[in-house]
Amino acid sequence: MHNQLRCQFDGKPKNSHHKGDIRYTLEMCQWVLKPIGIWPLVYSRTSRLQKILSNGLLAWCSFYLLINMIPPTRHAMFVEKDTYKRVKMVGPLLFSAGNMVKYYYLAAKGSILERCIEQVERDWRTVERPSDRAIMLRQVSISRSLISLCAIFMYTGGILFHTLIPFMSKSRFKGNTTVRVLTYAGYDAFFDTQSSPTYEIIFVVQIIVGLLKYSITTSAYSLTAIFITHVSGQIQIQVARLKEFVAERHEKNPDPLGIVIRDHVDILRFSKNVEDALREICMVLILESTMVICLLEYYLLMEWENSDAAALITYFIYLTSYTFNILIFCYVGEMLTEQCSHIGPASYNVDWYNLPPRQAYNFIMLNAISLYPPKLTAGKMIPLSIYTFGSVMQTSAVYLNLLRTITTS
């Protein structure tokens, strides 16, 4: 790749601030990837001890995810007879299953994600002009804001779901007795969940597993936000170079268009790697979001009829957080396509008519490639965009009507 060759030729980084810039770019991603054991799989420069700890964390996280799935699934399928209670268990179980799949995909895609991170670091080392560095820093600020919003919504809704409903919901009371409710039912077949300290241990374990699941979801968001905003920054740099093309042609650089074309190809390769790394995770997210949003809407309607204020507030916050997070995912997909399509208009708007014919012809290919910008897709089938977000919400509303018809008949 052009940037890599340039870095090797010069023998040292062009950007004297590259260490701090790389740390600033990847910092929030590390915060969520390290506790779940994924970071050493996507970052090569980790110690042997960190890799060993990563394997241990992967085993422990898998164990916790399984014990959070098996008893509730058994209870929902074979024990619970009440239709509403059974449907009420399906939403959390779908969320748990989706996070398990995302977790294993993050681990399996470690080598591709590592290449993407190496490309990000390489671009930070080779950036030369202060204006280009400022563009990249601005995009990092956007990615950090998106990750922060995602984490705030996800953890807030999740913590309320695991604490507010068990302690304040009307389902705690049966006649004149108070039942100690767990977020996930089904452990009564194995333990006496009403006695201490069994209840407290299971309750804490469920909160820990909840934090693990929210970290997995936030990890997927953080990687996507970092990579897509990085592509956006690189495209903006190329657009700025094209605007200065004619002036640079007469100055120190004899072939500024050659650099733009090579760097544009580099960006397209990077976008392809990002899409290869995240497309399965995006597919899981789209399917999971469609079903979970539908179920959360159903829970809201039912708790409204039951006048359960605690459950109503919790489900509303959870629905808001889930809706906002899928919106962020679709937004960054839209950002990728929109930013990459800017190369064509920028190449047309330069003073190409003042160039020699052979040099002006080079703009034709650049313009043609920009007509087919890279896309972030869900399983190579569904491009992520604002339109996709609308389709998810519309489909969830259709499933909601179907669910209400089935449960009330």
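Just a few scattered comments:
- Of all the residues in region 13-29, those that are assigned to a helix (DSSP H, G or I) and either closer than 14 Å to GLU118 by Cα or open to solvent by less than 50 Å² (accessible area, probe 1.4 Å) (or both) number 10.
- Enumeration of residues in region 396-405 that are closer than 18 Å to MET283 by Cβ and open to solvent by 50 Å² or more (accessible area, probe 1.4 Å): TYR399
- Applying the criterion of being open to solvent by less than 10 Å² (accessible area, probe 1.4 Å) and of a type in the set (A, V, I, L, M) to the residues of region 111-135, the residue that is farthest from the chain's Cα centre (by Cα) is VAL120.
- Counted residues, region 338-380 - those being of a type in the set (Ser, Thr, Tyr), free of Cβ contacts under 8 Å to residues at least 60 places away in the same chain and in a helix (DSSP H, G or I): 4
- For region 141-169, the set of residues classified as loosely packed, with under 15 Cβ neighbours inside 10 Å and either at pLDDT below 85 or of a type outside the set (A, V, I, L, M, F, W, C) (or both) consists of SER141, SER145, SER148, PHE167, listed by residue number.
- Matching residues in region 32-68 - criterion: being of a type in the set (A, V, I, L, M, F, W, C), part of a helix (DSSP H, G or I) and within 24 Å of CYS150 (Cα to Cα): VAL32, LEU33, TRP39, LEU41, VAL42, LEU57, LEU58, CYS61, LEU65
- Residue check for THR377: out of contact with any Pro (no Cβ under 8 Å at 6 or more places or on another chain) and farther than 30 Å from GLU305 by Cβ: no
- Checking TYR103, TYR84 one by one, the residue that is of a type in the set (Ser, Thr, Tyr), in contact with a helix residue (DSSP H, G or I) (Cβ under 8 Å, 6 or more places away or on another chain), touching a residue at least 60 places away in the same chain (Cβ under 8 Å) and under 19 Å from PRO35 (Cα atoms) is TYR103 and no other.
- Whichever residue in region 30-55 is of a type in the set (Gly, Ala, Ser) and open to solvent by 30 Å² or more (accessible area, probe 1.4 Å) and, among such residues, is nearest to SER222 (Cα to Cα): SER44
- Enumeration of residues in region 307-334 that are more than 21 Å from CYS294 (Cβ to Cβ), crowded, with 19+ Cβ neighbours inside 10 Å and at pLDDT below 90: none
- The test for being more than 28 Å from ILE112 (Cβ to Cβ), open to solvent by less than 20 Å² (accessible area, probe 1.4 Å) and assigned to a helix (DSSP H, G or I) does not hold for GLY98.
- Residue within region 189-210 that is at pLDDT 90 or above, under 30 Å from VAL332 (Cβ atoms) and open to solvent by 60 Å² or more (accessible area, probe 1.4 Å) present: yes
- Pairs where the first residue, in region 119-141, is outside any loop (DSSP other than H, G, I, E, B) and the second is aliphatic (A, V, I, L, M), C-beta under 6 Å, 6+ apart: GLU121/ILE22; TRP124/ILE22; ASP132/ILE237; ARG133/VAL127; ILE135/ILE237
The values are calculated or read from the model by the stated rules, or taken from the named source; none is laboratory data. Small disclaimer: the values here were computed from a predicted structure and weren't measured. Ideal geometry is used to build each Cβ from the backbone, glycine not excepted, and the neighbour counts take in all protein chains shown. Just the protein is used for accessible areas: all its heavy atoms, side chains included, with ligands, DNA and RNA removed. Shrake-Rupley method; radii C 1.70, N 1.55, O 1.52, S 1.80 Å.
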